[in-house]
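The values are calculated or read from the model by the stated rules, or taken from the named source; none is laboratory data. Bear in mind that the values here come from a model prediction, so they are computed numbers and not experimental data. Ideal geometry is used to build each Cβ from the backbone, glycine not excepted, and the neighbour counts take in all protein chains shown. Areas reflect the complete protein model, heavy atoms only, side chains present, ligands, DNA and RNA absent. Shrake-Rupley method; radii C 1.70, N 1.55, O 1.52, S 1.80 Å.
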Amino acid sequence: EKAGVQGATREEDLTGVWVRGYRQDIHWYMRALEECILIALEKAGVQGATREEDLTGVWVQNKKIAALGVKVRRWVTMHGLAVNVEHSCVSYFVGIVPCGLVGRQVCCINDFLDEPMSVAEFSVCMKEAMEEVFEVALVEV
């Protein structure tokens with residue numbers, strides 16, 4: 001299962017992140033989302049997660065652990081990110097070429113932890129990381 005994080009940064013915006021209140025730069029926003037993932041992975045106990053030059057996403061030991069796909073309309077984002085948490089999600093990539101990257105593998109958070117983490121547990125790490133990077137308090141809706 002994947003942890004897809006979608007949240008509101010302002011109470012009036014319930015469907016995505018209101019980028020207009022930050023920098024109106026989609027490249028900045030994508031790098032900020034990657035930073036959220038890197039921080040959340042560290043909070044979860046996954047060491048060595050990185051970005052790769054000219055590739056979107058987050059990698060651990062040369063394997064992709066997180067993907068991003070964002071649509072922006074009037075500087076409100078839709079879609080978002082996916083982080084592979086449980087071992088079962090990796091099997092979905094058998095027989096396809098993830099993100100068009102031939103010869104690259106995917107991995108999940110639980111590949112790097114002694115005690116498995118649930119999607120719900122990782123979601124807490126992700127929420128905290130998003131609050132830190134975007135300097136907001138996310139609220140349940």
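Just a few scattered comments:
- Search result, residues across the range 49-77 that are open to solvent by 60 Å² or more (accessible area, probe 1.4 Å), in contact with a strand residue (DSSP E or B) (Cβ under 6 Å, 6 or more places away or on another chain) and not charged (D, E, K, R): Thr50
- Residue satisfying all of: in the range 53-75; hydrophobic (A, V, I, L, M, F, W, C) and in contact with a Ser or Thr (Cβ under 8 Å, 6 or more places away or on another chain); nearest to Tyr92 (Cα to Cα) among these: Ala67
- Test: residue in the range 62-79 that is at positive phi and touching a helix residue (DSSP H, G or I) at 6+ places or on another chain (Cβ under 7 Å): yes
- Within the range 102-121, the set of residues being in a loop (DSSP other than H, G, I, E, B), open to solvent by 40 Å² or more (accessible area, probe 1.4 Å) and touching a strand residue (DSSP E or B) at 6+ places or on another chain (Cβ under 8 Å) comprises Arg104, Phe112.
- Some residue of the range 89-100 being under 30 Å from Arg23 (Cβ atoms), open to solvent by less than 60 Å² (accessible area, probe 1.4 Å), touching a residue at least 12 places away in the same chain (Cβ under 8 Å) and among the aliphatic types (A, V, I, L, M): no
- As a summary of the residue check, Val124 satisfies the conditions (1) open to solvent by 50 Å² or more (accessible area, probe 1.4 Å); (2) of a type outside the set (Gly, Ala, Ser); (3) more than 18 Å from Val136 (Cβ to Cβ) except for the one numbered (3).
- Filter result for Val136 (touching a residue at least 24 places away in the same chain (Cβ under 8 Å), within 23 Å of Arg31 (Cα to Cα), assigned to a strand (DSSP E or B) and open to solvent by less than 70 Å² (accessible area, probe 1.4 Å)): no
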